[in-house]
Amino acid sequence: MAGLYIHIPFCKSRCIYCGFYSTTSLELRQRYVDALCKEMETRCTNENMRLDTVYLGGGTPSQLTGEQLRQLFLYINKVWFPTNPLTSHLSPLARREATLCLQRTSHEITMECNPDDVTDDFAELLSQLPVNRVSMGVQTFSNERLRFLNRRHKAEQIAIAVERLRNAGIGNISIDLMYGFPKETLSDWHNDVDAAIALDVEHISAYSLMYEEGTTLYNQLQRGLVEEISEETSLQMYNDLIDRLASAGYEHYEISNFAKKADSNGQSFRSKHNSSYWNKTPYIGLGAAAHSYDGDRTRRWNVDSVKQYIEGIEKGCPQFEEEHLDDDTLYNELVMTSLRTCEGLAMNKLNDEQREYCIKQAERFINDGLLTNHDNHLLLTRKGLFVSNMIMSELMKV
C-alpha cells in the first residue's frame, strides 16, 4: 500500500512563518489541476502502487474551486481505484460518483482547509466529495496572535467551521496549534489548549513557532522586531500540552501529534497518511515541490515552481530530481523517524553492525533516563522528549 500526496501551492495570503513552497498568484490554478491529472496517469503507470491514503496539502487546497476539486477526485478514482462491480449497471457519470462515495469509508482521504474557507457552500461541497478527514490550520485562538501570523481567519470562525464540517459528515477533524509566540505566556498557551480540547476534535498537532531562514518571521527576528521566548518557557509549554491532552483522552503517538483513542468500532484517529512518512511506507507526491519515496532507496522531488512544473508536464518532460539512499542514510532516517513515534526504533529493523552501533550510542542515554529499551525497541522517555533532536543526532552516523 502507498500514500498519495497532492501539493496545492495556492494561498490567498502568505503567513509570516511558512517555509513551504506556495504562491499567492491564482491565475494558473486550472492549468495546474490539469497538469496534476496528467502527472497522476504517468506516475500510476510507472509506479503501480495501490493507494491506502490520499492527502491534499498546501498551500491552501480549499483555494481551488469546487469544479477543480471534483476534477482531481474523479481522476484519482479513475487512475487508482478500479470501478466497483456493484456499480457496473450505472451510467459512466453515475458510476464515477457512486464509486467516489464508496471510497469515503475505505480509505483515509484528508484535505487541508483554512477556517474562513469553510463556508456553508464549501461544507456542502465536501459532503459531495470522498474527503473523510479534514486538517484545519487553527494555530491559535487569539485574534492578536492570528494577526501577527498574517492568518486570514478570526478566532470566532474556528468553532463555526468545526460545526459546519460535522454537519457535512466529516467525522475525523484535525487541527494545528502553534506555541512559543513572542511574549506569549503560559496562561495564554493554556487558554489555547483548553479551547482546542473544547472543540472535541479527533486529532491535534502542535508545533513550536519556528524562525526559518527566508521567511518574513526570520527577517523580523534578524532586525530585532521580535524576540524569541526562552527555551525554558517553550519546554514548559510542551510539557503542559502533553499533560492537558492526556487528561482529555488524547494519546501522544508522535512527538507533535495527539489523537483520540480508538472508538468503539476500533477506528484509530492517528493520521494514517502522516504515519506513512514515519514508517517507511511508500508515497507518491504530485505537484510542484512534492516529494516521493519508493519505500526502498529512491526519493524524488518535483521542481518548486508552479510555472516550470506545468510546462514540464505539458511537454511530457516532468522536471524533478532524484536521489538513491545508501545504507548510512537509510539508517539515519530510520532513527530520526522511528524515535518520533510512541512505538520507537525496532532493533530487528537494523542489521548486526547497525544494531551494535546504535545500542552502544544509546547506552549513556538509557543510563541517564532519556531512552528506554523495551521489548527490543528503543523509546524516548518523557524526559528524553525534551532533548529528542540531540539524542537522534548522537545515534546517527556522521
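The values are calculated or read from the model by the stated rules, or taken from the named source; none is laboratory data. All values reported here derive from a predicted model rather than from experimental measurement. Here Cβ is always computed from backbone atoms with ideal geometry, including for glycine, and neighbour counts include all displayed protein chains.
So if I check each of GLY287, GLY316, GLY295, which one is over 22 Å from the mean Cα position of the chain (by Cα) and small (Gly, Ala, Ser)?
Going through GLY287, GLY316, GLY295 in turn, the sole match is GLY316.
Which numbered condition in (1) in contact (Cβ under 8 Å) with a residue 12 or more places away in the chain; (2) more than 17 Å from the chain's Cα centre (by Cα); (3) surrounded by fewer than 16 Cβ atoms within 10 Å (Cβ to Cβ) is the only one that GLU27 fails?
For GLU27, the failing item is (1).
Looking at (1) charged (D, E, K, R); (2) in a helix (DSSP H, G or I); (3) out of contact with any helix residue (DSSP H, G or I) (no Cβ under 9 Å at 6 or more places or on another chain), which is the only condition ASP263 fails?
Result: ASP263 fails condition (2) only.
Any chance you could count how many residues in region 147-165 are in a helix (DSSP H, G or I) and touching a strand residue (DSSP E or B) at 6+ places or on another chain (Cβ under 8 Å)?
5
With respect to GLN220, determine if the residue is part of a helix (DSSP H, G or I) and touching a helix residue (DSSP H, G or I) at 6+ places or on another chain (Cβ under 9 Å).
no
Is it the case that VAL335 is without any contact (Cβ under 8 Å) to a residue 60 or more places away in the chain, of a type outside the set (Phe, Trp, Tyr) and in contact with a helix residue (DSSP H, G or I) (Cβ under 6 Å, 6 or more places away or on another chain)?
In short, no.
Considering only residues of region 223-260 that are assigned to a helix (DSSP H, G or I) and among the small types (Gly, Ala, Ser), which is nearest to GLU343 (Cα to Cα)?
The selected residue is ALA246.
Looking only at region 355-369, how many residues end up being touching a residue at least 24 places away in the same chain (Cβ under 8 Å) and over 15 Å from THR381 (Cβ atoms)?
3
So which pairs qualify, if the first residue must be in region 260-277 and of a type in the set (Gly, Ala, Ser), the second must be at pLDDT 90 or above and not in a loop (DSSP other than H, G, I, E, B), the Cβ gap must be under 6 Å, and the two must be at least 6 apart or on different chains?
As it stands, the answer is SER276/GLY3; SER276/TYR283, since those pairs meet every condition given.
What are the pairs with Cβ atoms under 8 angstrom where one residue, in region 150-178, is touching a residue at least 12 places away in the same chain (Cβ under 8 Å) and the other, located anywhere, is of a type in the set (Lys, Arg)? Sequence gap at least six, or different chains.
If the second residue must be of a type in the set (Lys, Arg), the pairs left are ASN150/ARG14; ARG152/LYS12; ILE170/ARG133; ASN172/ARG133; ILE173/ARG133; ILE173/ARG166; SER174/ARG133.
Just one of SER292, SER271, SER256, SER264 is touching a strand residue (DSSP E or B) at 6+ places or on another chain (Cβ under 7 Å), assigned by TED's automatic domain parsing to the domain that holds GLN139 and either closer than 30 Å to ILE310 by Cβ or modelled with pLDDT under 95 (or both); which is it?
After applying the criteria, what remains is SER271.
Do we have any residue at all in region 213-224 that's at pLDDT 95 or above and polar (S, T, N, Q)?
Within region 213-224, not a single residue is at pLDDT 95 or above and polar (S, T, N, Q).
Looking only at region 172-216, count how many residues are of a type in the set (Gly, Ala, Ser), in contact with a Phe, Trp or Tyr (Cβ under 9 Å, 6 or more places away or on another chain) and not in a loop (DSSP other than H, G, I, E, B).
6
Quick check on my filter: what residues within region 294-326 are touching a helix residue (DSSP H, G or I) at 6+ places or on another chain (Cβ under 8 Å) and under 23 Å from GLN354 (Cβ atoms)?
ASP294, ARG297, LEU325, listed by residue number.
Which one of these is closer than 25 Å to LEU235 by Cβ, of a type outside the set (Ser, Thr, Tyr), surrounded by 13 or more Cβ atoms within 10 Å (Cβ to Cβ) and outside the structural domain of MET237 (by TED's automatic domain parsing): GLY384, GLY312, GLY369?
Being closer than 25 Å to LEU235 by Cβ, of a type outside the set (Ser, Thr, Tyr), surrounded by 13 or more Cβ atoms within 10 Å (Cβ to Cβ) and outside the structural domain of MET237 (by TED's automatic domain parsing) holds for just one of GLY384, GLY312, GLY369, which is GLY384.
Report, by residue number, each residue of region 7-37 that is at pLDDT 90 or above and in contact with a Gly (Cβ under 9 Å, 6 or more places away or on another chain).
Selection gives HIS7, ILE8, PRO9, PHE10, TYR32, ALA35, LEU36.
Can you name the condition, by its number, that GLU228 falls short on among (1) surrounded by 13 or more Cβ atoms within 10 Å (Cβ to Cβ); (2) free of Cβ contacts under 8 Å to residues at least 40 places away in the same chain?
Just one mismatch for GLU228, condition (2).
Among the residues of region 292-309 satisfying the criterion of being in contact (Cβ under 8 Å) with a residue 40 or more places away in the chain and surrounded by fewer than 18 Cβ atoms within 10 Å (Cβ to Cβ), which is farthest from LYS349 (Cα to Cα)?
Among residues in region 292-309 that are in contact (Cβ under 8 Å) with a residue 40 or more places away in the chain and surrounded by fewer than 18 Cβ atoms within 10 Å (Cβ to Cβ), the one farthest from LYS349 (Cα to Cα) is LYS307.
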